[in-house]
Each structure stands twice: as C-alpha cells, then as structure tokens.
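Just so it is clear, none of the values below were taken in a lab; they were calculated from the coordinates. Computed from a prediction, not measured in an experiment: that's the story for all the values here. Note that we place each Cβ from the backbone using ideal geometry, even for glycine, and neighbour counts take in every protein chain shown.
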C-alpha cells in the first residue's frame, strides 16, 4: 500500500470513528430521559396481600399532577413514619418486601410513585420528581398531621437525590440514603469516560450537593457488591454528611442487598434510630 493510500485509509477510519462518536453523543443527548427513567404501570401486588394494613392514597403535586401512594401506619400511634422515595425503575409494588421490612420493625411507611409511574399520571422530569416528593411530604404533614420530627425521609438509588433534596428543604427526623449515587454526572462520567457528559447532560440529581445542606441525622446504606452504583458513592456521601451519621455496609446486589443481608439492615436501622433519639 502506497503512502497516499495509507493516508486516505487512515482518514477514512478516523472519519468513521468521528461520525460514530458524534452519532452516539447525539443519541445520548436526545434520549437522555430513556436512560434515566424506567417506569412500570402495572401494579403487581399490594401491602394488603402481604398482610399489612394500608390506605390507597391519591394526592396532587403543586403543578396539578395526580399521584398515587400507599400509607402503612406505624405500630405505635406516635411512632415514626418513613417517606419512601424509590428508585428510577418499576413502581411502588416492586418495593413491597422493603416496605414490609420497615413495617415489621414498627415503622409507618408512605411510599409513593413519581409522575408516570404506576397509577400516578404525568410525564417524568427531574423538577417533577422534586414536586412529587414535596407533595408526599405535604400529605404526611398536612393531611395526616404527622409532625416533621416523626418523619424519616428515605431515598433508594435515584430516590436518594430526591430524598436529599427534600431533607434540605425541611428538617425531618432523619434522612436515609440507600444505594445512592453522588450525582448523575458522576455516574455518567464513569460509564462514558470518553464523552463530555457534563456539557450536555440535562439531568443532574446532585445528591451530594443537597446532602451538604441537610441538618438531620443521616444513615447511609450501601452494598460492597453493588453492580449499579459503586460502593465508593456511598463512602463519599457518608464523608459529606454531617453528624450524627452512620454507615451500614451490606452485601449483595444493588436491588436486593437489603433482603440478601438478612438482619443487618433492620437491626442497623433500629440501632441508629435509638442512638439518635
């Protein structure tokens, strides 16, 4: 092959690479929402089918979106209630075992679906999820008359950012961040190191920035085996949290580590709440 042909071939290869690179970047830019949210509409079970007393609740966000959730009362009428912000996939019915685990140690639980998930209507957006969490908080404090000092805000995975945002806006009994990431930007930069994701990423979900403004006790829970959100994210969140705080190390997958770790999680929650009374 002559030098001129070699140069032409290299230019062709580089051109193909650049076309593919920019096509991939364009796809990420245009379809970001599809990479962030994985809502499921079908409800596959209910707390009642798991032996829990509950209320099927409908309430509205500040921008008029109709939302759905389940309220399981605490065993003690003056007990604490967990406001459960779930992750980016499925809907509330897929977290029923997690809800039962909390209910079994005496806590009330209010788990709700963001707009577009389950029986909640509307279309997903980052701002919308914050509106939805605020509406859930208002339901507990205004409709159920539960004082903030008896509300624990819990965020699982992407819900960690939503929970941290809500906790900085109010002062709950405590904030639980479970298998949470520091920010969407940090996750995307790690999975796509050759792409300047921060320059075009519309979704931020900056958990760590919100956490720095939280005044409540913080419980961080993460699995060392997490295959979705690396363990280092939990460690960084713990380092950023103010006192009092506690870290519970679990084992098992991102989704199922709470069950796979046996009594480690519920025992850790009980010990943390007792220590921060």
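Observations on the structure shown:
- Subtracting the Cα-Cα distance of residue 256 and residue 145 from their residue separation scaled by 0.36 nm leaves 36.7 nm.
- Taking a ≥ b ≥ c as the square roots of the eigenvalues of the Cα gyration tensor, an a/c ratio of 1.5 or more together with a/b larger than b/c marks segment 19-157 as prolate.
- Likely footprinting exposure, 76, 113, 225, fewest C-beta neighbours within 10 Å first: 76, 225, 113
- Cα shape, segment 83-233, gyration tensor, a/c 1.5 rule: prolate
- The fewest-to-most ranking of 171, 81 by surrounding Cβ atoms within 10 Å reads 171, 81.
- Taking other C-beta atoms within 10 Å as the exposure proxy, 156, 66, 277 rank 277, 66, 156 from fewest upward.
- Global geometry of segment 227-277, whether rounded, prolate or oblate, following the gyration tensor of its Cα atoms and the 1.5 cut on a/c: oblate
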